[in-house]
Number of protein chains: 2
Amino acid sequence: MKIRNVTSSDYDIISPVINEWWGGRQMAHMLPKVFFVHFNDTSFIMEQKGEIIGFLIGFFSQSDQDVAYIHFVGVHPDYRKQHIGKQLYSAFFNEAEKNGKKFIRALTSPVNKTSIAYHTKSGFAIEQGDKEVDGVSVFTDYDGEGQDRVLFVKDLLN
Amino acid sequence: MKIRNVTSSDYDIISPVINEWWGGRQMAHMLPKVFFVHFNDTSFIMEQKGEIIGFLIGFFSQSDQDVAYIHFVGVHPDYRKQHIGKQLYSAFFNEAEKNGKKFIRALTSPVNKTSIAYHTKSGFAIEQGDKEVDGVSVFTDYDGEGQDRVLFVKDLLN
């Protein structure tokens, strides 16, 4: 396995498989090519024998110089539980630290229990929202009507 | 009329009206809150009497230090043909120049003739794609299957 930075042509490989990797959820439209073009230095691909088996799309906030943001992470269904996510996160944390960032932010849907468990285990705190869902603090309608979100923040200095 | 920078709470006002401003096209999902949170310095709101009547979401490319990118621009249907887009673009160009950017990039769908005419009139060149649609050069499947795009670039130094 090998980690490298994203290039814009990776979009053509990844976009058609996203819905499949997400178990049929229609997610591809959430990741337009723009993310593969303008955030190469903070976005990573995991490859095995020339095949893409995981990716992380992230960028540095341009509103808050201390913050790096993880937007989208996907791992090929056949390659889960092999710490590929962990290695992609690690590459992103390193890039963020190298650039003097202090906090990593990310978010997920309250239904995505795997993502919530993963972030909690990886040292992310859950931000205080306005309600609780299954014991997790949630921001109601954060991403539009009916689109509640759990917000994560990791302090790189701790 | 007054121009100011975007704040994350503008999302809650703008997101619910996007589909309406786009004449019923389902566009709101193309603009998640993340754009309102992390790109405040390069994104602008036009207000009149406290009401939002236009907005521009843009950012600086993190892959190419010379490039600033315009992602999404919308004007309230009742306020069109009043040069609101022009003023929002102007604010973005100024911010880009102030930060030493050399090129502005943007893209649109080939069906969006208004956008193509607007960018051409505003000094954007159309990039050479792989086919022509109604005399305009287009990149086939640029944003996924069936999602052809026209790519614009403006040279700020010319």
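The values are calculated or read from the model by the stated rules, or taken from the named source; none is laboratory data. Since the structure is predicted, the reported quantities are computational estimates derived from the model, not experimental observations. Glycine gets a Cβ as well: all are built from the backbone with ideal geometry, and neighbour counts include every protein chain shown. We work out accessible area using only protein heavy atoms, side chains counted, and drop any ligands, DNA or RNA first. Shrake-Rupley method; radii C 1.70, N 1.55, O 1.52, S 1.80 Å.
Residue check: is A:V17 within 25 Å of B:Q65 (Cα to Cα) and open to solvent by less than 60 Å² (accessible area, probe 1.4 Å)?
no
Based on what the data block shows, is B:I52 touching a helix residue (DSSP H, G or I) at 6+ places or on another chain (Cβ under 7 Å), outside the structural domain of B:F139 (by TED's automatic domain parsing) and open to solvent by 10 Å² or more (accessible area, probe 1.4 Å)?
yes
For the subset of the stretch B:118-158 comprising residues that are more than 14 Å from chain A (Cβ to nearest Cβ) and within 21 Å of B:V75 (Cα to Cα), which member is most open to solvent (accessible area, probe 1.4 Å)?
Checked the stretch B:118-158; the qualifying residue most open to solvent (accessible area, probe 1.4 Å) is B:K121.
Report, by residue number, each residue of the stretch A:2-12 that is surrounded by fewer than 20 Cβ atoms within 10 Å (Cβ to Cβ) and either among the aromatic types (F, W, Y) or within 10 Å of chain B (Cβ to nearest Cβ) (or both).
A:N5, A:T7, A:S8, A:D12 - these are the residues of the stretch A:2-12 that are surrounded by fewer than 20 Cβ atoms within 10 Å (Cβ to Cβ) and either among the aromatic types (F, W, Y) or within 10 Å of chain B (Cβ to nearest Cβ) (or both).
Within the stretch A:114-129, track down each residue that is assigned to a helix (DSSP H, G or I) and aliphatic (A, V, I, L, M).
A:I116, A:A117
With respect to B:N112, determine if the residue is modelled with pLDDT under 95 and open to solvent by 20 Å² or more (accessible area, probe 1.4 Å).
yes
At least 2 residues that are under 24 Å from A:D148 (Cα atoms) and within 14 Å of another protein chain (Cβ to nearest Cβ) in each: list the strands (runs of 3 or more DSSP E) lying fully within the stretch A:13-113 that qualify.
Those strands (runs of 3 or more DSSP E) span A:51-60, A:67-75, A:103-108.
I'm told A:V37 meets every condition in (1) under 30 Å from B:F152 (Cβ atoms); (2) in contact (Cβ under 8 Å) with a residue 12 or more places away in the chain; (3) more than 16 Å from the chain's Cα centre (by Cα); (4) surrounded by fewer than 19 Cβ atoms within 10 Å (Cβ to Cβ) except one. Can you identify the failing condition by its number?
With respect to (1) under 30 Å from B:F152 (Cβ atoms); (2) in contact (Cβ under 8 Å) with a residue 12 or more places away in the chain; (3) more than 16 Å from the chain's Cα centre (by Cα); (4) surrounded by fewer than 19 Cβ atoms within 10 Å (Cβ to Cβ), A:V37 is out only on (4).
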